[in-house]
1. How large is the dipole of the chain about the Cα centre if only Lys and Arg carry +1 and Asp and Glu carry -1, each at its Cβ, rounded to the nearest 20 debye?
2. Would you compute, from DSSP H runs of 4+ residues alone, the mean residue ellipticity of the chain at 222 nm, taking -39500 (n - 2.57) per run and dividing by the full residue count, rounded to the nearest 500?
3. Gain in length, E271 to R193, computed as 0.36 nm per residue apart minus the alpha-carbon separation, to one decimal in nm?
4. Can you give me the long-range amide H partners of V89? Hydrogens built in the peptide plane at 1.01 Å from N, cutoff under 5 Å, separation of 5 or more residues or another chain.
5. Would you mind telling me the share, in percent, of accessible area of region 232-288 contributed by carbon and sulfur at probe 1.4 angstrom?
6. Give K70/K133; K36/K154; K39/K206; K181/K252; K70/K142; K36/K132 a once-over and call out the pairs whose C-alpha atoms are over 23 Å from each other.
7. List the equivalent ellipsoid semi-axes of region 157-306 in whole Å, largest first, each obtained as the square root of 5λ for an eigenvalue λ of the Cα gyration tensor.
8. Read phi for every residue in region 279-291 and hand back ³J(HN,Hα) as whole Hz from Karplus 6.51 cos²θ - 1.76 cosθ + 1.60, θ = phi - 60°, with x for Gly and Pro.
Amino acid sequence: MGLAPEEIKTLREKFYNAALIELFEPQKDLWIFRVKPDKGQVPFKPGQYTTLGLGIWESCVAGNGPEALKPGQEKQLLRRAYSVSHPVVNSKTGDLYSPSEIDFYEFYVTLVVNESSTPTSPRLTPRIFALKKGDRLSFGPKMTGHYNLDGIQKTDQILLFATGTGEAPHNAMVWQMLTEKHEGPIVSVVCTRYAKDQAYRGLHEKLAKEHKNYHVIYMATREPSQPKLYPQDLITRGLLEKQSGMTLDAAKTHVYLCGNPSMIGRPEVKEGQKIYPKPAGLIEILENKGFTVSAPGRPGNIHFEAYW
Ligand SMILES: Cc1cc2nc3c(=O)[nH]c(=O)nc-3n(C[C@H](O)[C@H](O)[C@H](O)COP(=O)(O)OP(=O)(O)OC[C@H]3O[C@@H](n4cnc5c(N)ncnc54)[C@H](O)[C@@H]3O)c2cc1C
């Protein structure tokens, strides 16, 4: 460890191609930030992701436990996938952003520190959270992913389920649907541990008041004042219909699931048999109601993006 400042300067010039131009800090460990690539915008469908990267040589925020580095690794770039989020509304005009007004990509990221004394492999988020406005970083060359609104009809019902920062792609998708005047009902469910971790809540509650086909449900599993409910309970206990008016009809509904793999509940396939995780995730619950998972070349009405 301990590269010379000249060497760090050279590595940054080699690897970094974008700047962090705006930083909002809803919580010390939960950031919304905007990145502007040097070469301008790249083709993007709301819901997709790109990569962000920083050198392993960069410092971490205080509180991150030890990391195990292999010899020479400190000169490498550490990259992770990040869904592109969206501010939806231009706060200066109060209107939905028009595409020409946006020359940045917004990200919604949570800090994952190593809280133990056992070394982990190098992590990106403790390095991201040491950045300041104006600092440089690596931005992936293209946007990737099938998690988007392709194939959706204007009158379809759209149900978005997110845990934590899994709300990021849904912000961009909600922006797209409201901009294109989607006619079917849209329900966005966001589940966090604490209410303070719902950084976009004010924006979405305002949008829901302004758009009669848009509903939001925010849930927090560790707030003593709230019942301990998970997104799965909204369906299994019939709460979705009560809280949003949406009935789950597989013939006209597309469901999007993003974030924690336990909420998603992707089955393993062993000898042709699907083995679902326990407790049940949303895939099992929805398949029992006639929904099918979408895959490349095999369109369905359950779409998911697992963050780990
Ligand atoms: C397609 C895709 C899009 C993603 N988009 C986002 C995004 O928009 N925002 C975001 O915060 N993360 C996102 N992630 C996760 C992201 O890629 C990193 O894994 C995460 O930021 C942690 O990076 P790290 O290097 O610090 O730790 P890692 O070594 O990558 O992960 C360490 C552990 O942290 C946990 N973890 C990872 N991501 C999260 C998370 N978001 N919340 C809570 N625990 C987590 C997992 O248990 C994981 O094993 C996405 C992942 C994928 C695959």
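1. 180 debye
2. Value at 222 nm, helices only, nearest 500: -5000 deg cm²/dmol.
3. Difference between extended and current length: 24.4 nm.
4. When sequence neighbours closer than 5 places are left aside, the close amide H contacts are Y97.
5. C and S fraction of accessible area: 46 percent.
6. Long pairs (Cα-Cα over 23 Å): K70/K133; K36/K154; K39/K206; K70/K142.
7. They are 24, 19, 14 Å, listed from largest to smallest.
8. Calculated HN-Hα couplings, in order: x, 4, x, 5, 4, 4, 4, 6, 4, 5, 9, x, 7 Hz.
The values are calculated or read from the model by the stated rules, or taken from the named source; none is laboratory data. Note that the coordinates shown come from a computational prediction; the quantities given were computed from them, not determined experimentally. Ideal geometry is used to build each Cβ from the backbone, glycine not excepted, and the neighbour counts take in all protein chains shown. Heads up: the accessible areas ignore ligands, DNA and RNA and are worked out on the full protein's heavy atoms, side chains in. Shrake-Rupley method; radii C 1.70, N 1.55, O 1.52, S 1.80 Å.
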